[in-house]
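Remarks on the structure that follows.
The values are calculated or read from the model by the stated rules, or taken from the named source; none is laboratory data. Note that the structure is a prediction, hence the values are computed from the model and not measured. Using ideal geometry, Cβ is built from the backbone for each residue, glycine included, and neighbour counts are taken over all protein chains shown. Keep in mind that these areas ignore ligands, DNA and RNA; they rest on the heavy atoms of the full protein, side chains included. Shrake-Rupley method; radii C 1.70, N 1.55, O 1.52, S 1.80 Å.
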Amino acid sequence: MTLLDVINKLLGRQPASANTAKQRLQLVLAHDRSDLNPELLQQMRREILEVVSRYVEIDFEEGDVTLETEDRVTALVANLPIRRAKLPAPAPIPEPTLENELSS
Amino acid sequence: MAATSTRYILICSGKGGVGKTTLTANLGIALAKQGARTAVLDADFGLRNLDLLLGLENRIVYTAQEVLAETCRLEQALVKHKQEPNLALLPAGNPRMLEWLQPDDMRMIAAMLGEQFDYVLIDAPAGIEGGFKNAMAAAREAIVVTTPEVSAVRDADRVIGLLNSEGVKPIQLVLNRVRPKMMANQEMLAVSDVTDILALPLLGLVLEDEQVIVSTNRGEPLTLTGNSSPAGRAYTNVARRLQGEEVPLIDPSKERQGLRATIGRLMQTRIF
């Protein structure tokens, strides 16, 4: 944050627009470069959340899957806060069989 | 004799109206003045304007179209600049040509120009469609022109993607129509924002300059008449850097003097 931003905030003015421009550009370019349309990204997001939530309990409200770009490389970034790990389903206990009893 | 080291440079932007043709005209004149034999090829034949900016609009008789059809020789189609005989213009053709011109035709024309010139500057049309792809076919390296505006930067990014996929390199950036005062107020993308986003080296930085319009009115590029204006100096420096000379870039925040500029710089200081 710069001095100008602070003054703008104190005076209740809109923040300077250059930073907004930069952020909007970075977002739109991440999509342009990956050639993913928002619908496809949404679907991918849903499926990723589904797979991850099989193993851990995630905070759906806070979780986010986005595209980020730096140096012309686009990365898929998933930020999924974990509430707790799901306990693995108890392994089935082998039923005592006649064979087992005989061998022991 | 064939110049084996000819440089074929595409000048492109994606978005229209950001200054491709102005850069081509000024760069062509500046290179010619520095002693380089330079051809400017107007590949924007749908809406050609390079002739007008160079003041050569009344001297065009033939185009690359006639050269390819062998109805005239290359020498007849080249329009030599009177004051800077090292510079020649070749218009690619007229709008009717769009239908049959192919990337191979552009390659052939560029190769013919390469036999007598050190630089072949190709003024690309706006857009990323067929016309642009034809122009790109003739190029080995590229200069991408953009302005510090979201739409221009976005379109430049698309073009850079295409250039990368065709293996055109190096690709360098010219940032045009920079307004130091707006940058100081953080109401315009900073130079570093644009170079970071596009990840290209900066070949030139041109300040917004009313003299550009005056020069286009006259058909005399700023680099022709000397370097009395900021944009003219910037274009000349682009040419010098292309030739391998190290010329420092201007710092937009230092272009303004006095108390207001000092306060402006203070306002930009990152405090947390």
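In this view, the solvent-accessible surface of B:ASP196, computed with a 1.4 Å probe and all protein chains in place, comes to about 90 Å². If you take the Cα centroid of the stretch A:4-70 and the Cα centroid of the stretch B:13-65, the two points sit 42 Å apart.
Lysine pair count for the protein assembly as shown with Cα-Cα distance under 19 Å and sequence separation of 8 or more or different chains is 9.
Taking Cα atoms only, the orientation of helix B:230-242 departs from the longest principal axis of chain B by about 60 degrees. Taking the Cα centre of the protein assembly as shown as reference, the dipole from Cβ charges on Lys and Arg (+1) and Asp and Glu (-1) amounts to some 1640 debye. Ordered by 1.4 Å accessible area with all protein chains kept, A:ILE82, B:ILE109, B:ILE263 run largest first as A:ILE82, B:ILE263, B:ILE109.
Tell me which trypsin sites (Lys or Arg not before Pro) from the stretch B:24-127 have a DSSP coil assignment and no more than 10 other beta carbons within 10 Å of their own.
B:LYS82
The GluC sites (Glu not before Pro) of the stretch B:137-227 that DSSP puts in a loop, and whose beta carbon has at most 10 other beta carbons within 10 Å, are B:GLU210. Between B:LYS133 and A:GLU62, what FRET efficiency follows from the Cβ-Cβ distance if R0 is 41 Å, with the result rounded to 0.05? Calculated value: 0.35.
The calculated 222 nm mean residue ellipticity attributable to helices in chain B amounts to -11000 deg cm²/dmol, summing -39500 (n - 2.57) over DSSP H runs of n ≥ 4 and dividing by all residues. Of B:CYS12, B:LEU189, B:LEU259, which is farthest on the positive side of the dipole of chain B, counting Cα position, with +1 on Lys and Arg Cβ, -1 on Asp and Glu Cβ, and the Cα centre as origin? Farthest towards the positive end: B:LEU259.
Global dimensions of the protein assembly as shown from alpha-carbon coordinates: Rg and Dmax equal 27.9, 110 Å. Solvent-free Debye calculation, one equal scatterer per alpha-carbon of the stretch A:3-85: log10 I(q)/I(0) at 0.23 Å⁻¹ equals -1.01. Cβ under 15 Å from B:GLY204's Cβ, B:GLY204 left aside: what net charge do those residues give with Lys, Arg +1 and Asp, Glu -1? That works out to -2.
Rounded to the nearest whole Å², what accessible area per residue is found for the protein assembly as shown with the 1.4 Å probe? Can you show the working numbers first?
Details: 20540 Å² over 376 residues.
On a per-residue basis, the protein assembly as shown sits at 55 Å².
Compared with the dominant Cα axis of chain B, that is its longest principal axis, helix B:259-268 is turned about 90°. For B:THR22, the accessible surface of its heavy atoms amounts to roughly 30 Å² (probe 1.4 Å, protein chains only, rounded to the nearest 10).
Only protein heavy atoms count here; on that basis, with a 1.4 Å probe, B:SER228 has an accessible area of about 110 Å². Angle of helix B:20-33 to the longest C-alpha principal axis of chain B, folded into 0 to 90 degrees and rounded to 10: 80°. Full extension of the segment from A:LEU76 to A:SER17, taken as 0.36 nm per residue of separation minus the current Cα-Cα distance, would add 18.6 nm.
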